[in-house]
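In what follows, a single structure is set out as structure tokens and then discussed.
The values are calculated or read from the model by the stated rules, or taken from the named source; none is laboratory data. It should be emphasised that the depicted structure is a prediction, and the values quoted were computed from it without experimental measurement. Positions of Cβ are backbone-derived with ideal geometry, glycine not excepted, and every protein chain shown enters the neighbour counts.
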């Protein structure tokens, strides 16, 4: 689905991250981990087509390159309180850029809301939702596109433990039942250790990629982060 | 009283129709200004068009442009629109330098565009009068041709809203997700700047700062208290602008008040009422 070869990414000719070799296959659950500013979001922007590579190649399947098979869940959505919207209308924004009939839209919204477990909130005000419910609405908005690849940018950053657990459960179901490929950006090593099939570790302008067991080996992590990193119980903000 | 107002259409028909059409046009684009939380940008863009008018008045005699009549209206109107479009486009760009925010940039534009026109026209005959007229919002400068421009803008705005409403909304509230869905951010910023700049630039010339800024943001804010979804809001806001401007002109005629001020005062009175209607979140 995605193939990066000797990819160099950055802004205005200044490289942020280099030497990216990565292949994402259907059904994979890739977790992109690393400290803040390590280039995770830069890589994500490149996959989303928002940032051209400085050098190297980044190949995407045709339905990902034209965005029709791709769903994106941002960390948050800054929705102004002066703008009224129901959850149903908010989720329907996922159809932007796609040509779907009214019946297909209705069916897609209903399916996506059920998938993330907030079908009962369809007519509720989006602004009145809790943080966890809003995050689920964001996932539903991405799901209405029926994406083969779901990209999530630190979606658990502002969630409590229960909401985080529920969101991860939903993602695992999508991956298991529908074969949705997951690209999940986080700096929580613990999440990667529990849920990833593959891990990309971003640190010091470089990326190392591989299966979860290879990448989360304590020696590999020490090489990437320059210090001994615990998978559990790290301080907030540190790679956990 | 109503008969007196209706009979005044013989004299003020152009002023009234331009005012109503301008209010509807501004309210259409104002929905997206409110959606992007750029309310102050509306004031800055309006002031920037005053700068365009000042430049036209200053440069017109030097370039041999006609100073009065229909031809004399063209250069100030064009420069007002150009200044508004340019300001809306510049202010809509993502900040590129550390320490700069969109809000700071908008504030700078507003203050520069408020002070510079006065300096430019301080020693020109009738120059400051023109600036004061723009600030005061008399609506008396509305020309018959303005009806055509605003009618065209209103139709174009309605088509844009019907055809691109969800895309406009997503690009306003979540630009990254809009780009991830395949929208070109630069192209949408340009469309927004053209729409906002044309509406504000033309309205400033015809109706002045208060009416322009008020009709840009107040109908959308009032409508947000009366609707549950943006897809309804985008049609209710222009409808509110039409009703409020008609009522404001009637009130202005009945009480011998400036019609633009009466319209904005009505909208200002309606806004707190909708806050009371809105259920707490």
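Here are some conditions: (1) buried (at least 24 other Cβ atoms within 10 Å of the Cβ); (2) over 20 Å from residue B:146 (Cα atoms). Residue B:213 meets all but one. Which one does it not meet?
That leaves (2) as the condition not met.
Looking at segment B:191-205, is at least one residue surrounded by fewer than 19 Cβ atoms within 10 Å (Cβ to Cβ) and either over 25 Å from residue A:96 (Cβ atoms) or over 14 Å from the mean Cα position of the chain (by Cα) (or both)?
Checking segment B:191-205: at least one residue is surrounded by fewer than 19 Cβ atoms within 10 Å (Cβ to Cβ) and either over 25 Å from residue A:96 (Cβ atoms) or over 14 Å from the mean Cα position of the chain (by Cα) (or both).
Quickly run through segment A:49-68 and pick out the residues that are in contact with a helix residue (DSSP H, G or I) (Cβ under 8 Å, 6 or more places away or on another chain) and within 30 Å of residue B:234 (Cα to Cα).
If the condition is that a residue be in contact with a helix residue (DSSP H, G or I) (Cβ under 8 Å, 6 or more places away or on another chain) and within 30 Å of residue B:234 (Cα to Cα), then A:50, A:67 are the ones that fit.
Checking residue B:128 against (1) surrounded by fewer than 20 Cβ atoms within 10 Å (Cβ to Cβ); (2) touching a helix residue (DSSP H, G or I) at 6+ places or on another chain (Cβ under 7 Å); (3) not in a helix (DSSP H, G or I), only one condition comes out false. Which one?
(3)
(1) surrounded by fewer than 18 Cβ atoms within 10 Å (Cβ to Cβ); (2) at pLDDT below 75; (3) outside any helix (DSSP H, G or I): which one isn't true of residue A:240, the others all being true?
Unmet condition: (1).
Which members of segment A:92-113 meet the condition of being buried (at least 21 other Cβ atoms within 10 Å of the Cβ) and within 11 Å of chain B (Cβ to nearest Cβ)?
A:92, A:93, A:94, A:96
State whether the residues of segment A:125-134 include one that is within 19 Å of residue A:152 (Cα to Cα) and either in a strand (DSSP E or B) or facing another protein chain (nearest Cβ under 10 Å) (or both).
no
Which residue, of B:154, B:167, B:172, B:83, is modelled with pLDDT of 85 or more, away from chain A (no Cβ under 14 Å), surrounded by 15 or more Cβ atoms within 10 Å (Cβ to Cβ) and closer than 30 Å to residue A:81 by Cβ?
B:154
Can you tell me which residue among A:32, A:22 is in contact with a helix residue (DSSP H, G or I) (Cβ under 7 Å, 6 or more places away or on another chain) and surrounded by 15 or more Cβ atoms within 10 Å (Cβ to Cβ)?
Matching residue, one of A:32, A:22: A:32.
Return the pairs, sorted by first residue and then second, in which the second residue is surrounded by fewer than 18 Cβ atoms within 10 Å (Cβ to Cβ), the first residue lies in segment A:200-213 and is in a strand (DSSP E or B), the beta carbons are less than 6 Å apart, and the residues are 6+ apart or on different chains.
Listed pairs, sorted by first residue: A:206/A:19.
Among (1) at negative phi; (2) in contact with a helix residue (DSSP H, G or I) (Cβ under 9 Å, 6 or more places away or on another chain); (3) away from chain B (no Cβ under 14 Å); (4) touching a residue at least 40 places away in the same chain (Cβ under 8 Å), where does residue A:79 come up short?
Among (1) at negative phi; (2) in contact with a helix residue (DSSP H, G or I) (Cβ under 9 Å, 6 or more places away or on another chain); (3) away from chain B (no Cβ under 14 Å); (4) touching a residue at least 40 places away in the same chain (Cβ under 8 Å), residue A:79 violates only (3).
Looking only at segment B:209-231, count how many residues are over 14 Å from residue B:84 (Cβ atoms) and either in a helix (DSSP H, G or I) or in contact (Cβ under 8 Å) with a residue 60 or more places away in the chain (or both).
Going through segment B:209-231 one residue at a time, the tally reaches 14.
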